[in-house]
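Asks: Structure below; questions to follow.
Please treat every number below as a calculation from the coordinates, not as lab data. As the structure is a computational prediction, the values presented were derived from the model and not from experiment. Glycine also receives a Cβ, built like all others from the backbone with ideal geometry; neighbour counts cover every protein chain displayed.
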Amino acid sequence: MTEDERQELISDCKAIFTKIDAGVNVLQFISDFCLEHAQTFIVNSERKSCFNEGARSVILKIRELLADKGEPRQTEVVTTEKTGPENAGN
């Protein structure tokens, strides 16, 4: 996804889920259905727990997009200097 596509997606999500009553209602339904505020762990069922976490990831991604301030992501690689005995005194 390009930065322009990402910005457009953020804008679209905000327009749909925050600016019209129907969108707010749908977001609440998705939140409930995807267990945003519920326990996803199922005792003795790794499969159901994983399924629930997958569902929950949907609403968490939507919330991430809604919270985004629309600033471009940093794409440069940040490197750190090596530290250790071999680099001492340099």
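Asks: Please state, to two decimals, what the Cα-based radius of gyration of the stretch 3-67 comes to when divided by 2.2 N^0.38 Å (N = residues).
Replies: Output field value: 1.29.
Asks: Something else now. Which FRET efficiency, nearest 0.05, do residue 29 and residue 51 yield, Cβ-Cβ r, R0 25 Å?
Replies: With a Förster radius of 25 Å, E is 0.85.
Asks: Which of 23, 60, 33 sits closest to the plus end of the dipole of the stretch 3-67, meaning its Cα is farthest towards the positive end, when Lys and Arg get +1 and Asp and Glu get -1 on the C-beta?
Replies: 33
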